[in-house]
Structure formats: C-alpha cells, structure tokens
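Have a look at the structure below before the remarks.
The numbers here are math on the coordinates, done by the rules we state, and not lab data. Quick caveat: nothing in here was measured; it's all calculated off a predicted structure. FYI the Cβ positions are ideal-geometry reconstructions off the backbone, even for glycines, and counts take in every protein chain you see.
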Amino acid sequence: MSKAKTISLTVGAFVAGALISLHIPALAEKETKPGLPIDELRTFAEVYSAIKQGYVEPVEDKKMITNAISGMLSNLDPHSAYLDADAFKDLQVGTQGEFGGLGIEVGMEDGLVKVISPIEDTPAYRAGVKAGDLIFKLDDTPVKGLSLSEAVKKMRGKPKTPIKISILRKGEAKPIEITLVREVIKVQSVKSKLVEPGYGWVRITQFQENTISELAKHLGTLYKDGNKLNGLVLDLRNDPGGLLHGAIGVSAAFLPPDVKVVSTDGRTEDAKQEFKARVQDYQRGTKEDPLKLLPIEAKNVPMVVLVNGGSASASEIVAGALQDHKRAVIVGTQTFGKGSVQSVLPLPGNTAIKLTTARYYTPSGRSIQAKGITPDIVVEESLNGSSAGMRIREADLDRHLSNDRDKEAPKADPKAAAKNAIKPGKEKDKNGKEESEEELPPRLEYASKSDYQFQQALILLKGLQIMQNKAQ
C-alpha cells in the first residue's frame, strides 16, 4: 500500500478528459536520486543570467522560474502542465460540477486554444462553439504567446460579463467571432428519461463526485412503481471524462461484483494499480455505498452504450469495461483516445504540477491511448454521414503519448489539428463569389426523434429483446 494519499480530481473546464490523481509527492521520498545533468544545468544558468542582465526589460526571478517549469512540463505531452494557485483551485472546484466561465473543455495546439468539447447547457454550447474550433483571440488579446492557464484566466471572470472570442473552424474561409456572456457553470452529471414504455435512456455528461449516487437515483426513477425495462441506452457521447472512481462506480453499476474494470501502469509503484467493481474502489468520502439503492434489475437489463469522438478518458474506461465483459453493445463512432493518467503533485505556495504518470488499460489489457474504443457497431451521427472527421482526437495532439500495446494505433501528426481547423472550404456561387456564412446549425436534442444515433440504438435494443425472448 502506498504511503501517498490518492484523491481523484478532474480538470473541469481546463483540459478535456483528464483522468487525475492527486499525490503527495512520493518521488521525493525515494532514497536514491538520479544524478543531476551538470552540463545542461550550467547552460540553463548561463541563459538565466543572460536574460537577467541583458533582456530589454527587467524580468522578475519568480516569473522566469515559473516559465521554465511550465515549459518543461508543457513540452512533455499535451496533458502535463504547471498549475498556478488559481489553476490549482479551479481544478479542485471543478470536481463539484460548478465553476465560473464559458463552459468549454479546452487544450492547447500550436499556440492556440483548442476546443475539445463544449459542455451542455452553457454559454459556449448555446452559441454554437464546436469541438475542434481553434480560439486565436480573446477580446483584443491574441492567444499566441499565452500559456493555457493564462488563456483560461482571460476566459474566466465575473458572471454576466461579456467576452468576444475569435475562432478558426474547418470549412470556414473567414474567422468566426462570437460574443459570450460568462455564467456560473453548473454541470448536471446525470440525465435520464423513459423514452417509451420499457426503454430508458441515461446520459452521463461528466464524471463528478456525485455521479455514482446520481446514477443510482436516476435508475431508481426509471424502475419506479414496478416499471420493467426491456432495454437501456447509456449515452456517453461528448462526455470528456473526469473522476476515475466515478468511472469505476458507473461500470460497477452494470457489472458483476469484483470483476476487473480498469488497470493502470507506469514507472512508479503508485502507478501500477488494478481497480475492480467493488465498493472500496469507487467509494469516496462517505461510509455508505453510493450504489446501495441501485435497482437489482440494472445488472441484467439489455444495454447499448453510445459513444463518439467526444467520449474521452473516464467515459472510455466505462465503454471499454462493458465491452470487454460483453455486458453491452457499443454503438457510435471511434472515441477520443485519452488513455493516460495525470497525477497532481502539490508544490509550495498553493501551486502544483500535473504530470502524466501512467497509462490505463481495459480489463482485457487493451491500451486506449491515441486509439480509443472501437464501437461494436459503427453508426454515424446522421443518416447522411458524420462530422466525426472534423473532430480533434488524442492522436492529433502534438507530443501525444504513444500507444504501447497497439502498433496500428494512429501515428503522430503534429500539424493535423491546425490543418483540420483552419483549412478554408467555402463553396462559391456561379459568379465566383463565396457563399454567405450559414447560420449555426441547431444543437442536437439528445434522445429525440432527430437523434439518429439514439434511434438506431433503440432499434438495436428492441432486436436484442426479441432475440432474448426467443432464446428463453
């Protein structure tokens, strides 16, 4: 058992799909330390001295050291980062599902802020911000030259205050400017409804502290008054991830006790862990099992899990576990491919570093990193096709961690995200002039008649029910 305490956290509106563990640094406890690279440190000291003496303006020592730390981390992979006091606080607050801002999960690509996914029912979502958009200006401030935390600070602010964002989008010849009004973002983790007699729909938008207990409540409502479900759709589309224990608990709600849900592997002993469908692996901060009131019928109800390119991290853990144990049919399009764990190591001054320390694996040992979960049945987003090709995935991110167990995983393409986002693609009319910009398309209403993927999942569920009845 490790001496380090482990608390699962999420980045909230900072980086999509981050699977986080907060560690009191165990690395410092090791008796043997690697030798310091003296020559390289001497070069660092010379550069530091040159800046202090000769830069056109005075630079504070604290700023130089902070920038050096930030640079070391950001150049490792897209998810390692330095967290100043504000960013560290935001990370912790985000696990409660409430934070101030615009409602977008973001990362950094080629010096621009990249939208991984807009969060449902937020200013960005309602204004039509899309996954894959590149934000190049915030009000009148260019994003180039800003760190991710600096850009996030500018997007945050007091509720009811406006901010103009300028974005580049694939297929648009001109930049798009959108004015958003900041709000206190409250993310409802679980939603559900009885779509028709005998068939239920449960959507998880983000894995938070209360996700497991909320899932139990929603399933209890679907089974209320003796209702019998012939099938259930678990909707994980555009779920960017969140808390590891939330993913374990959601998986445990539908799996037999004590089966493997996910494992992690890295260089330190803390990074080598195995998690099962048992209360000690998903219980946090409470003596009661959050699945205590779960209807027993949920363990065996026929299931379809819906995923797409916006399903990342914790949602991929759930999809992978249910797929490996043949508990559900996975339907939709290839998932994001975020298969790494970030450990948050607190530092003096209420700051921290977020460091990639492990990869995670499905029960059968598959690595999701830079590949994602492949659906059992591929169903595009609409009858006419899909916008999945416009999405940015883990494999498109510069310096992404490789997949260590799949030689056929996508190869790195550092410029892919930028190319996809800024390549002009406007049609021209017969006079050679560009067509006027179309209005933003209406947002998809999940589990509605216009939700093509959901309707196909429902048809599949009914087919499974007929096959099950024949078998019995």
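In nm, what is the difference between 0.36 nm times the number of residues separating MET72 and GLU57 and their Cα-Cα distance?
3.0 nm
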In sequence order, calculated HN-Hα J values of the stretch 209-217 (Karplus, 6.51, -1.76, 1.60; Hz; x Gly/Pro)
4, 9, 4, 5, 5, 5, 4, 4, 5
Long-range HN-HN contacts of LEU347 with modeled amide H, under 5 Å
ALA352, ILE353
Express in nm, to one decimal, how much length is gained between SER382 and ALA85 on full extension, taking 0.36 nm for each residue of separation and deducting their alpha carbon distance.
102.6 nm
Provide, in order from the shortest bin, the percent of all Cα-Cα pairs of the stretch 244-368 in each 10 Å bin, continuing until the bin that contains the maximum pair distance.
13, 40, 33, 12, 2, 0
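Report the full-extension gain for the segment ALA471 to GLN188: residue separation times 0.36 nm, less the Cα-Cα distance, to one decimal in nm.
Result: 98.0 nm gained on full extension.
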Once the convex hull of the C-alpha atoms of the stretch 93-219 is built, how many Å³ does it hold per residue, rounded to a whole number?
125 Å³
Between the modelled labels at TYR48 and GLN280 (7 Å from Cα along Cα→Cβ) the distance in nm is 4.5 nm
What is the set of long-range amide H partners of ARG156 at a cut-off below 5 Å, with H atoms built 1.01 Å from backbone N?
none
In the stretch 96-136, with Lys and Arg counted as +1 and Asp and Glu as -1 at Cβ, which of these residues, GLY100, SER117, GLY128, has the Cα nearest the positive end of the dipole, that is, farthest along it?
GLY128
